[in-house]
Every structure is written in C-alpha cells, then in structure tokens.
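Here's the structure we're looking at; comments come further down.
Every read-out reported here was derived from the displayed coordinates using simple, explicitly stated rules and does not represent laboratory data. Keep in mind that this is a model prediction, so the values were computed, not measured. Cβ coordinates were reconstructed from backbone atoms using ideal geometry, including for glycine residues, and neighbour counts include every protein chain displayed.
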Amino acid sequence: MAMIPEETIIPKIYFIRGKKVMLDRDLAELYGVENKRLGEQVKRNINKFPGDFMFQLTKKEIGDLRSQFATANLSMKSRVLPTVFTEHGVLMLANVLNSERANTVSIQIIRIFTKMREMIVTQKDILLKIEQIERKGLSHDQSIKQIFTVLKQLIGEKPKPRVEIGFKTRWPG
C-alpha cells in the first residue's frame, strides 16, 4: 500500500482539551472505511477505548473548530457529535479494524504524533535558552549602558587650557 503524504495527515490533527486528536471522519477516510463502520467497531470494542483514548466533542468545541479551521470537515447538521481519538486511540482503532491499510496508516499517524511531540520539546528547549540569553543580556545591558555613559562624559568634556610647564626665560622686551 502506498504511503499517505504527511501533508495530508498533519492538517487533520487538532488540539482539543489539551490533547492532539483526530476526528473519526478523518480517520475513517484515511483507513478507507465508512465512518458508520468505524463507529460500529468502536461500540463493539468500547472497553478498549477509555476516556484518554477517545471522547465525543461538544457543540461548542465543534463551533470553535469550525471557526479556527476552515478545512475542518464538521457539520452542525449531523445528529451525532463527532468522536475524536488521541494518539493511543488511533493505534487501538487500527487494532480493532484489523486491516492492512488501517495498520499502515496508523503507523504513519503515530510517527507524525511523535515528530510533533519532539518538535514541541525542541521548541521549549529553544525558548528556555532564549530566556537565559535575555536574562544575561539584561545584566550586560546595564554594564554596557554604564560604559557608554562614562564614554559620553569623557567625549563630552571640553579640554581645559593646559598650563605650560618647563623652563621659561623672560627676555626683556
């Protein structure tokens, strides 16, 4: 089976309730099954999907998603609120669907989730380093300001007329 491009999967990952999740409709499309069949498999194996693996969206969350992402495939007309799956839910869903395509796509999705997690950790590290540099910079800023103040004072002083020193002879004149 051909790999699905990351560019197809990444826009289907949303951040809801502090978790990265994917909509049931998007997963059904990627897995090559009808959303109805996906839901049936979940219901048959509900004990494999605790609350941290999947949850149902509220109407407010659907509205928020629609306003944030024009590409979100959400309709307010549907009688059933969409279900979303976390990274672990995606993996479990592939197991209950038990198809080669679901397994392959699931592996791709898990790899993308992992990349995203690594990127977030890397960004946090970078932000911490920037913060440290800023703190050091602030203390250095004060020192640099003092140096410039002294330099300006030195440059700004007009030279006083010098008193001549040395041997002087007076000629009558």
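Close amide-amide hydrogen proximity is noted between Asn45 and no other residue 5 or more places distant or on a separate chain, at a cut-off under 5 Å (H modeled in the peptide plane; Pro and chain starts excluded). The long axis of helix 35-44 is offset from the longest Cα principal axis of the chain by roughly 80 degrees.
In what sequence do Thr149, Thr86 fall when counting other Cβ within 10 Å, fewest first?
Numbers: Thr149 10, Thr86 21.
By the 10 Å Cβ count, ascending: Thr149, Thr86.
Residues in segment 125-134 carry Karplus couplings, in order, of 4, 4, 4, 4, 5, 4, 4, 4, 5, 4 Hz; the curve used is 6.51 cos²θ - 1.76 cosθ + 1.60 with θ = phi - 60°, and Gly or Pro positions show x. Just to confirm the number: angle between the C-alpha axis of helix 87-97 and the first principal axis of the chain, 0 to 90 degrees, nearest 10? The angle comes out near 20 degrees.
Taking other Cβ atoms within 10 Å as a rough exposure proxy, Leu93, Leu151 sort from fewest to most as Leu151, Leu93.
Taking 31 Å as the cut-off for C-alpha to C-alpha distance, list the pairs among Lys59/Lys129; Lys36/Lys124; Lys60/Lys129; Lys48/Lys124; Lys12/Lys43; Lys36/Lys60 that go past it. Could you put the intermediate results ahead of the total?
Values: Lys59/Lys129 40 Å; Lys36/Lys124 40 Å; Lys60/Lys129 38 Å; Lys48/Lys124 33 Å; Lys12/Lys43 23 Å; Lys36/Lys60 23 Å.
Violating the 31 Å Cα-Cα cut-off are Lys59/Lys129; Lys36/Lys124; Lys60/Lys129; Lys48/Lys124.
Computed over segment 7-117, relative contact order equals 33 percent, with contacts defined as Cα pairs under 8 Å that lie 6+ residues apart.
First check a/c for the chain, with a ≥ b ≥ c the square roots of the eigenvalues of its C-alpha gyration tensor; if it is under 1.5, answer rounded, and if not, answer prolate when a/b is larger than b/c or oblate otherwise. Since a/c reaches 1.5 and a/b is larger than b/c, the shape of the chain is classed as prolate.
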